[in-house]
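Participant: Before we start, here is the structure in question, set down as structure tokens.
The values are calculated or read from the model by the stated rules, or taken from the named source; none is laboratory data. Not measured: the values here are computed from a predicted model. Cβ placement follows ideal geometry from the backbone for every residue including glycine, while neighbour counts extend to all protein chains displayed.
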Amino acid sequence: MKTTISHIKADIGSLPGHTTVYQPVVDAVDNYVRSNSNGLISDYRISHIGDDIQITMVHTKGADNPEVHELAWNAFKAGTEVAKKVGLYGAGQDLLKDAFSGNIKGMGPGVAELEITPRKAEPFIVYMMDKTEPGAFNYPIYKMFGDPFNTPGLVIDQNMHMGFKFEVWDIYNGKKVYLSLPEDTYDLLALIGSKGKYVIKRVFTKKEHTKLPDENVAVITTDKLSFIAGEYVGKDDPAGIVRIQSGLPANGEALEPFANSYLVSGWMRGSFNGPMMPVGEKDSKMVRFDGPPKVRALGFVMKDGKLNGPVDLFDDVAFDFARNEALQMANYIRKMGVFEPHRLPDEDMEYTALPRILEKLAPKFEKINEKGAKSEMKIER
Ligand code: F6R
Ligand code: MG
Ligand code: MG
């Protein structure tokens, strides 16, 4: 039977500021889902990274189901009430609409849903990132499903040798394109290297794949909060679901892209490039310059609609190197203050005072006179 994994996340308030979730709020979300899920979902888990609460649900209602979305929406509403009561910072900030209207997409929270035909054993990983954007998944997802130096299964496992199909979204123009790897590798990289504009939305097995014909095997949230609200209301910290094993990337191949740190956009005020750091729950507060951008990976298996797990996969000494590398990169790049490429280019910053500064300085700006400029620069010897 077709089963759907729905992962929905939101920042509904933090302590003290965009840093970490507040346990009573997490509990309120959990309680709401537990008391209202009967007959609707068969299992769920609540988790978090930084200031974002994450709900992973399993059900047979398909993607975009209004009742499932409403359950998550109302759970976040219940959490928001607690957040408001205790005065959490940004209480309810990702709930952009007053009333639920049938689909949680476009209402603030991030959504990733996979409708699948479960295998005998259905292992998968839920990734969650804070202080960055959906394009931060481009590099690791490409490595998992497209790079044989990361995923040797692409070369040596007959069941994945034919490669995978990628669905890429142009998030500015609302368009999508399907690219088939390995044939279209260079086209794919030409797009997704521009991670603020093109994002990997889904990965599919190929039709000719013997085990999983044309199945969706990975999905990433792509909800651009700034586009939804028309103004900045918080970085659209992404999450993703990746199925693993048996003709798909092995668990270790799905974690390997995070064994080294890499640069993403986001961090302080959503306006800086910074290193991605893989962490377990105990290191998932956003403390260094509101970061650094962090990623968690939770490993599950699913059987008959029930979840087992999660395993906190980055909570292990094997990722200490990546964490240290991220710290070194953070120390290095922080020395640049507000200079690019640490600070993002003007058009990509989530906060900018530039328009007002330009307005203020407009009367003082003078036209450059080439000749005059040269004579002023003449150096007396
Ligand atoms: C970035 C983020 C934080 C805030 C920063 C300022 O995604 O959440 O870095 O941007 O803490 O927050 P405000 O403007 O709410 O004071
Ligand atoms: Mg936040
Ligand atoms: Mg966040």
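Participant: Within region 123-177, track down each residue that is at pLDDT 95 or above and hydroxyl-bearing (Ser, Thr, Tyr).
Facilitator: TYR127, THR132, TYR139, TYR142, THR151
Participant: Restricted to region 17-51, and to residues that are part of a loop (DSSP other than H, G, I, E, B) and away from ligand 3 (no atom under 14 Å from the Cβ), which residue is farthest from LYS282 (Cα to Cα)? Let's see the steps before the verdict.
Facilitator: If we filter region 17-51 for residues that are part of a loop (DSSP other than H, G, I, E, B), which is where we start, we get 17-19, 21-22, 37-42, 50-51.
Add one more test, that the residue is away from ligand 3 (no atom under 14 Å from the Cβ), and what stays is 37-42.
On the way: SER37: 29, ASN38: 31, GLY39: 34, LEU40: 32, ILE41: 29, SER42: 28 Å.
Filtering region 17-51 for residues that are part of a loop (DSSP other than H, G, I, E, B) and away from ligand 3 (no atom under 14 Å from the Cβ), the one farthest from LYS282 (Cα to Cα) comes out as GLY39.
Participant: Another one. In region 171-209, what residues are surrounded by 14 or more Cβ atoms within 10 Å (Cβ to Cβ) and in a loop (DSSP other than H, G, I, E, B)?
Facilitator: ILE171, LEU181, PRO182, ASP184, LYS195, GLY196, LYS197, LYS206, HIS209
Participant: Within region 95-119, restricting attention to residues that are charged (D, E, K, R), at pLDDT 85 or above and in contact with a strand residue (DSSP E or B) (Cβ under 9 Å, 6 or more places away or on another chain), which residue is farthest from ASP52 (Cα to Cα)? Talk me through it step by step, then tell me what you get.
Facilitator: Quick first cut of region 95-119, residues charged (D, E, K, R) only: 97-98, 105, 113, 115, 119.
Now drop any that are not at pLDDT 85 or above, which leaves 97, 113, 115, 119.
Okay, now just the ones that are also in contact with a strand residue (DSSP E or B) (Cβ under 9 Å, 6 or more places away or on another chain), so 113, 115, 119.
Numbers: GLU113: 18, GLU115: 24, ARG119: 30 Å.
Here the answer is ARG119.
Participant: So PRO24 fits all but one of (1) under 23 Å from GLY305 (Cα atoms); (2) more than 16 Å from ligand 1 (Cβ to nearest atom); what number is the exception?
Facilitator: In the conditions (1) under 23 Å from GLY305 (Cα atoms); (2) more than 16 Å from ligand 1 (Cβ to nearest atom), PRO24 misses (1) alone.
Participant: At pLDDT 95 or above, among the hydrophobic types (A, V, I, L, M, F, W, C) and more than 22 Å from VAL126 (Cβ to Cβ): which single residue out of ALA250, ALA190, ALA259, ALA229 fits that description? Steps first, please.
Facilitator: Details: ALA250 fails: more than 22 Å from VAL126 (Cβ to Cβ); ALA259 fails: more than 22 Å from VAL126 (Cβ to Cβ); ALA229 fails: at pLDDT 95 or above.
Exactly one of ALA250, ALA190, ALA259, ALA229 is at pLDDT 95 or above, among the hydrophobic types (A, V, I, L, M, F, W, C) and more than 22 Å from VAL126 (Cβ to Cβ), namely ALA190.
Participant: Would you check which residues across region 113-172 are within 16 Å of ligand 1 (Cβ to nearest atom) and either touching a Ser or Thr at 6+ places or on another chain (Cβ under 9 Å) or among the hydroxyl-bearing types (Ser, Thr, Tyr) (or both) and list them?
Facilitator: Here is the first cut: in region 113-172, the ones within 16 Å of ligand 1 (Cβ to nearest atom) are 128-136.
MET128, ASP130, THR132, GLU133, PRO134, GLY135, ALA136 - these are the residues of region 113-172 that are within 16 Å of ligand 1 (Cβ to nearest atom) and either touching a Ser or Thr at 6+ places or on another chain (Cβ under 9 Å) or among the hydroxyl-bearing types (Ser, Thr, Tyr) (or both).
Participant: Another question, then. Criterion first (assigned to a strand (DSSP E or B) and β-branched (Val, Ile, Thr)) does VAL168 satisfy it?
Facilitator: Values: assigned to a strand (DSSP E or B): yes; β-branched (Val, Ile, Thr): yes.
Yes, satisfied.
Participant: Hey, can you tell me all the residues within region 301-359 that are farther than 30 Å from MET57 by Cβ, basic (Lys, Arg) and either in contact with a His (Cβ under 6 Å, 6 or more places away or on another chain) or modelled with pLDDT of 95 or more (or both)?
Facilitator: ARG323, ARG334, LYS335, ARG343
Participant: Can you run down the residue pairs with Cβ atoms below 7 Å, 6 or more apart or on separate chains, where the first is in region 74-96 and within 13 Å of VAL21 (Cβ to Cβ) and touching a residue at least 24 places away in the same chain (Cβ under 8 Å) and the partner is in a helix (DSSP H, G or I) and more than 16 Å from ligand 3 (Cβ to nearest atom)?
Facilitator: Here the result reads GLY79/ALA28; VAL82/PRO24; VAL82/ALA28; ALA91/LYS84, each pair linking region 74-96 to a residue that is in a helix (DSSP H, G or I) and more than 16 Å from ligand 3 (Cβ to nearest atom).
Participant: Okay, next question. Any residue that is at pLDDT below 85, of a type in the set (A, V, I, L, M) and either in contact with an Asp or Glu (Cβ under 7 Å, 6 or more places away or on another chain) or not assigned by TED's automatic domain parsing to the domain that holds GLU350 (or both) - is there at least one of those in region 204-213? Let's see the steps before the verdict.
Facilitator: At the first step, the residues of region 204-213 found to be at pLDDT below 85 are 207-213.
If we keep only those that are of a type in the set (A, V, I, L, M) too, we end up with 212.
Adding the requirement that they be either in contact with an Asp or Glu (Cβ under 7 Å, 6 or more places away or on another chain) or not assigned by TED's automatic domain parsing to the domain that holds GLU350 (or both) leaves none.
Checked against the condition, which is being at pLDDT below 85, of a type in the set (A, V, I, L, M) and either in contact with an Asp or Glu (Cβ under 7 Å, 6 or more places away or on another chain) or not assigned by TED's automatic domain parsing to the domain that holds GLU350 (or both), region 204-213 yields no hits at all.
Participant: Assuming TYR89 fulfils every condition listed in (1) away from ligand 3 (no atom under 16 Å from the Cβ); (2) at pLDDT 95 or above; (3) surrounded by fewer than 22 Cβ atoms within 10 Å (Cβ to Cβ); (4) of a type in the set (Phe, Trp, Tyr) apart from one, which condition is it?
Facilitator: Looking at each condition in turn, TYR89 falls short on (1).
Participant: Here are some conditions: (1) in contact with a Leu (Cβ under 9 Å, 6 or more places away or on another chain); (2) within 16 Å of ligand 3 (Cβ to nearest atom); (3) under 24 Å from VAL264 (Cα atoms). GLY146 meets all but one. Which one does it not meet?
Facilitator: (2)
Participant: If you go through region 48-73 one residue at a time, how many are of a type outside the set (Asp, Glu) and within 16 Å of ligand 2 (Cβ to nearest atom)? Don't jump to the end; show me each part of the working.
Facilitator: Step one: list which residues in region 48-73 are of a type outside the set (Asp, Glu), which gives 48-50, 53-63, 65-66, 68-69, 71-73.
After this cut, where a residue has to be within 16 Å of ligand 2 (Cβ to nearest atom) as well, the list is 48-50, 53-54.
The number of residues fulfilling the criteria is 5.
Participant: On to the next question. Among the residues of region 350-371, count how many are under 43 Å from the mean Cα position of the chain (by Cα), assigned to a helix (DSSP H, G or I) and among the acidic types (Asp, Glu).
Facilitator: Keep residues of region 350-371 that are under 43 Å from the mean Cα position of the chain (by Cα), which gives 350-365.
Pick out the ones that are also assigned to a helix (DSSP H, G or I) and you get 354-364.
This time we only want the ones that are among the acidic types (Asp, Glu), so: 359.
Count: 1.
Participant: Scan region 69-77 and tell me whether some residue there is part of a loop (DSSP other than H, G, I, E, B), crowded, with 18+ Cβ neighbours inside 10 Å and either among the small types (Gly, Ala, Ser) or at negative phi (or both).
Facilitator: Within region 69-77, the subset part of a loop (DSSP other than H, G, I, E, B) is none.
Among the residues of region 69-77, not one is part of a loop (DSSP other than H, G, I, E, B), crowded, with 18+ Cβ neighbours inside 10 Å and either among the small types (Gly, Ala, Ser) or at negative phi (or both), which makes the answer no.
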